[in-house]
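Here is the structure we will look at, set down as structure tokens.
Derivation of every value follows stated rules applied to the coordinates shown; laboratory data play no part. Remember, predicted model here, so these are calculated numbers, not experimental data.
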Amino acid sequence: MQKKNIWIGLSFLLACSLTLKAQYTKQDSTYKRCFVGSSLYLLGNFDKKDNPEYVQLNFGYRVTPKDVISIDFKRSVYSWPIGIPFGPSFRKPGGNYSGHARILAPTIGYQHFWWKGVFTSVHALNAFEKYMDADNKKLGNGYTLYLNFHLGYQFKFFKNRFFFEPALGCSYWPVRTKVPESFKLVENKWPNYFIQPGLNFGFNF
């Protein structure tokens, strides 16, 4: 599912490569203060084998033309350690949890534009997790703090009504509590960080 999302995002990026445009200025008649958005990771919900039940909704406000704050809501289900890298180990038999985890993650973020559409951002995901065993019985609740860092470029379309933000990101979780022992046995084989693309899009108003 994750590899599929990467290829979809890259294809979309190439198709839109002619739309490069300078970043906002307050004098620009198309300048918009607010936006709502989501992520192309929603397409992963079409994966019948491992449906992540992914939901993401972003609300943002441009404090200045270069500085943006956002409040996001994310929800997902996963059944393997997030730190597993792409490659032969991904989805390898025996590498999954003996169950799954459900995440509800209210998120706060800050984004800064440096030159034209080039930006960096940091997001703090407060993930409240529910752990379930293979029989779908609850094992307990936990909490994880995910810090996501991105370097990307914003493309604008239709007089700045819509945007797409492909990015290279790193997710790191310095705080993780009350993980069931059966989950820890699998997680301890992998690092507490993961490199992945950012594929956000949105509508400005």
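Sequentially through the range 191-197, phi angles give Karplus couplings (6.51, -1.76, 1.60; θ = phi - 60°) of x, 9, 8, 7, 9, 7, x Hz, Gly and Pro residues having no value and appearing as x. Sorted largest first, the spans of the alpha carbon positions of the range 39-185 along the three principal axes are 51, 28, 23 Å. Cα centroids of the range 171-205 and the range 56-85: 12 Å apart.
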